[in-house]
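Where a number appears in this text, it was derived from the coordinates with a stated rule and is not lab data. Note that this is a predicted model, so its numbers are computed, not measured. Here the Cβ is made from the backbone with ideal geometry for all residues, glycine too, and neighbour counts use every protein chain on show.
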């Protein structure tokens, strides 16, 4: 008999996911080699160049899949679903069961068809969006079914969102299915407008008291506001008008409209140029297009393209293999005037597909750290197994040694 003293239990710990693939191809694709389309390692840049359709996944056969009655191909759910190479099982492996109408939901104002045998929704979802068309009929005890014949009294209207599912009959539809419009006295006018002088029996277009609902029927232009004179306002050099002045006060009659209703433009000296541009050499009496000092407001009138920046040469840049012209990243990048170095200074390296598919944590072989824990001295029979615990990604596996 062999005696073993100081039994050792070995604990091998692997990082979570160390043995799992970390590729990020779109569903139904598999890894390939090369470079991404840009310097960014994401699906938009890399999927079409670093990935190929996987002929062991359903997406590969999507255009030729023919599902049985009551099933359909759902690309979101099934693109990455495994199926035999060649597609022999595609019509079973890649098809999802549609929801039965008996489990489905109808839209407001509808009810389930009287017979639902062999009827299914358009997808696996039981929502009204999926089921209403195939599973439901208009409910003649609800307002929606009477929509074309409803005639509401003055000051009322049919509001489909509020009344579609309200109970009604042919006899009471014109009362049960109609909603009160908001009174103009409670409504709101848009900037530059004021309430009409007489509001008796005037209503907004709906039950809402917002300007969108009330302005048309309840309001008129206010002759003490810029909005009343907007079309005839003429601003001096360095000023402009826009919709924001509609509610600005000005004297009735418009005598001061060209001063009260105009906004000062930002000066080009205070403005900003877009990447790849520089301020004009002379800025005297030059203005941005608005009061903003942003490039969007100022670039057109205040700036010239800069011949010491890459943007100047964009139409003639020729990047080496594995590089590309990225206007967003390189428009403002410095390069020698004349463009001698444009093809090196102005080109960005495309990311390698290998960066899109990083190596698993802990190395290619998934090796982790090992630690030995000494136990107490004991007599162990050669037939008494020592146990090693190997932890793989959160799972504990017992191995007999």
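Under the simplified labelling scheme, the residue 113-residue 290 pair shows an inter-label distance of 5.3 nm, with each label point 7 Å from Cα along Cα→Cβ. With the simple spin-label model, which puts each label point 7 Å out from Cα in the Cβ direction, the residue 314 to residue 278 separation comes to 1.9 nm. Using every pair of separate Cα atoms, the Kirkwood estimate puts the hydrodynamic radius of segment 185-264 at 13.3 angstrom.
Based on Cα contacts under 8 Å between residues 6+ apart, segment 243-321 shows a relative contact order of 26 percent.
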